[in-house]
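The values are calculated or read from the model by the stated rules, or taken from the named source; none is laboratory data. In this text, all values refer to a predicted model and were calculated from it rather than measured experimentally. For neighbour counting, all protein chains shown are included, and Cβ atoms are generated from backbone atoms with ideal geometry for every residue, glycine included. SASA here: full protein model, heavy atoms, side chains in, ligands and nucleic acids out. Shrake-Rupley method; radii C 1.70, N 1.55, O 1.52, S 1.80 Å.
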Amino acid sequence: MLKQSLMIAAATATLTAACADTAEARDQIRVVGSSTVYPFTTAVAEQFARANPKFKAPIVESTGTGGGIKLFCSGIGPNTPDIVNASRRIKASEVKQCAQNGVTKIVEIQVGLDGLVLAQAKNGPAMELTRAEVYKAIAAQPLGKKNTARTWKDVNAKLPANKIELIGPPPTSGTRDSLNELMVGAGCKTFPEMKAMEKADKKKAEALCTTLREDGAFIEAGENDNLIVQKLVANPNAVGAFGYSFLEENQDKLRGIKIDGVEPTYANIQSFKYPAARALYIYVKAQHAGLIPGIREFLGEYAKESTWGPRGYLARRGLVASPDMIRAEAAEAAKTLKPLDPASVK
């Protein structure tokens, strides 16, 4: 253990020195990660650049949460990102990978809330769904049996006799993790027989709850959620899965589907009445704060009430404000760069 700690310390010192020596190689903030958080961080980057002309505008890339965290955790120095957007909380395994590569001071900032929504074109057949029905529609082996449902009517006789086509994100996306956990997985766990299966073989039960079909019923659309919107407009019978902000921005074209009788609205997400509400984050590499210009100022812009508050400019883009206490804690973390406690993540 001591040997490993010494190795990490040595690697950190080497990388920090390398970063200091080549700081001129990058004089602008680099952000990677979630496509859901991307539009919010992009808006903050634009405002930051206007308010701070002495700094270059940050580079913000949409790589998906998983892919972004992998890049973020690859080490310290100008060749690695400073910040990662995440539509789920970082995992203990990812924190461990970060530490192994010298990234030992990670700052967690909850920037707001979002809802994983299912939506369809306004001219499509109106539907309401339960999470159990979503599970039965797109799980590869619902309750351990091969999925033979071809239409929504096969799932529930009250639903339309339209082909099941649910367009969603790839495995690298945090939104895919949310789809698995908050929608499909949660629907799976409503069946009493799954409790018995979980007791007998937890790993097998987890696979039955979250492994999605590969026969065309579930369609991966990449990291660009706007592409899902386009596909829904082109195919009114299809259903799409993405973050609430994309529904908010396309109210003229799309309608949200009620899940378990609850409509995906700002108020229902903020109160967590909507069953697929979730928190959104950015993670900051504190070790870069003194090396890459503008990180503290950028975080200061993000943590303003006029940015992420209920009446902030991000609310107009579809971000749901976190509760007052959470925003206060997040603002303090942004100011002090207090590192995340690795023991607090799963």
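What is the residue count in region 55-78 for residues that are assigned to a helix (DSSP H, G or I) and open to solvent by less than 10 Å² (accessible area, probe 1.4 Å)?
Count: 4.
Looking at 108, 181, 128, can you tell me which residue is surrounded by 17 or more Cβ atoms within 10 Å (Cβ to Cβ) and of a type in the set (D, E, K, R)?
108
Residue-wise test of (1) surrounded by fewer than 18 Cβ atoms within 10 Å (Cβ to Cβ); (2) among the aliphatic types (A, V, I, L, M); (3) modelled with pLDDT under 95.
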| residue | (1), (2), (3) |
| --- | --- |
| 227 | yes, yes, yes |
| 232 | no, yes, no |
| 242 | no, no, yes |
| 258 | yes, no, no |
| 269 | no, yes, no |
| 277 | no, yes, no |
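Can you report the number of residues in region 39-56 which are within 23 Å of the chain's Cα centre (by Cα) and touching a residue at least 12 places away in the same chain (Cβ under 8 Å)?
Of the residues in region 39-56, 9 are within 23 Å of the chain's Cα centre (by Cα) and touching a residue at least 12 places away in the same chain (Cβ under 8 Å).
From 148, 172, grab the single residue that is in a loop (DSSP other than H, G, I, E, B), out of contact with any strand residue (DSSP E or B) (no Cβ under 8 Å at 6 or more places or on another chain) and under 30 Å from residue 68 (Cβ atoms).
172
Which residue is modelled with the lowest pLDDT, if the candidates are limited to region 321-346 and must be closer than 28 Å to residue 99 by Cα and in a loop (DSSP other than H, G, I, E, B)?
Looking at the filtered set, the residue picked out is 346.
Considering only residues that are open to solvent by 40 Å² or more (accessible area, probe 1.4 Å) and either closer than 20 Å to residue 291 by Cβ or in contact with a helix residue (DSSP H, G or I) (Cβ under 8 Å, 6 or more places away or on another chain) (or both), which ones fall in region 23-54?
24, 25, 27, 28, 30, 47, 51, 54
Pairs needed: first member in region 133-159, open to solvent by less than 20 Å² (accessible area, probe 1.4 Å); second member anywhere, among the polar types (S, T, N, Q) and not in a loop (DSSP other than H, G, I, E, B); C-beta distance under 7 Å; at least 6 residues apart or different chains.
As it stands, the answer is none, since no pair meets every condition given.
Please list, ordered by first then second residue, the pairs with beta carbon atoms under 8 Å, 6 or more apart or interchain, first in region 99-119 and in contact (Cβ under 8 Å) with a residue 12 or more places away in the chain and among the basic types (Lys, Arg), second open to solvent by less than 10 Å² (accessible area, probe 1.4 Å) and assigned to a strand (DSSP E or B).
From region 99-119, the pairs are 105/285.
Is it the case that residue 184 is within 25 Å of residue 68 (Cα to Cα) and modelled with pLDDT under 95?
When the stated conditions are applied, residue 184 does not pass them.
Kindly indicate whether residue 215 is in contact with a Lys or Arg (Cβ under 6 Å, 6 or more places away or on another chain) and either assigned to a loop (DSSP other than H, G, I, E, B) or at pLDDT below 95 (or both).
In short, no.
Given the residues 318, 312, which is the only one that is at pLDDT below 95 and surrounded by 15 or more Cβ atoms within 10 Å (Cβ to Cβ)?
Answer to the selection: 318.
Taking region 79-93, which residues are surrounded by 22 or more Cβ atoms within 10 Å (Cβ to Cβ) and within 16 Å of the chain's Cα centre (by Cα)?
Residues satisfying the conditions are 83, 84, 85, 86, 87, 88, 90.
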